[in-house]
Amino acid sequence: MTRHPTEPAARRRSGAVALGMVGTLALALTGCAADDAAPRRCVDPGTLKVLDDHSCGDSRSAGRWYYCGSGSLTAAGGTFEQAATKRGGFGCPSGGGSGSGGG
């Protein structure tokens, strides 16, 4: 039985493609399953000014957790209701960025 001269190279290419697809799938699944909690930040409920995380420590604290919002000094586009972020298990609804917790 005679082999075509390009057969070993074709096998290497298809193996590399398969390995690349497996890596991409692994990254995608890791991104989905890595953290079940929506991104949150501590804000003043009246002004939506971003506060230090310690300001949301307990029920007597000045701040409340704000989920899925964006903005570094003043939060916007999010919600105070954590349950509203559970959209089929995929976190924040589209349009609500993860933002950063600076202040």
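Take the residues of the stretch 50-73 that are under 16 Å from P39 (Cβ atoms) and outside any loop (DSSP other than H, G, I, E, B): which is most open to solvent (accessible area, probe 1.4 Å)? It comes out as R64.
Let me confirm something: among G102, G46, which residue is loosely packed, with under 15 Cβ neighbours inside 10 Å, over 11 Å from the mean Cα position of the chain (by Cα), modelled with pLDDT under 80 and assigned to a loop (DSSP other than H, G, I, E, B)?
Details: G46 fails: modelled with pLDDT under 80.
G102 is the lone residue from the list that is loosely packed, with under 15 Cβ neighbours inside 10 Å, over 11 Å from the mean Cα position of the chain (by Cα), modelled with pLDDT under 80 and assigned to a loop (DSSP other than H, G, I, E, B).
Of the residues making up the stretch 73-88, those that are among the polar types (S, T, N, Q) and under 17 Å from the mean Cα position of the chain (by Cα) are T79, Q82, T85.
The values are calculated or read from the model by the stated rules, or taken from the named source; none is laboratory data. If you're wondering where the values come from, they're calculated on a predicted model, not measured in any experiment. Please note: Cβ atoms are built from the backbone with ideal geometry, for glycine as well, and neighbour counts cover all protein chains shown. Accessible surface areas use protein heavy atoms only, side chains included; no ligands, DNA or RNA. Shrake-Rupley method; radii C 1.70, N 1.55, O 1.52, S 1.80 Å.
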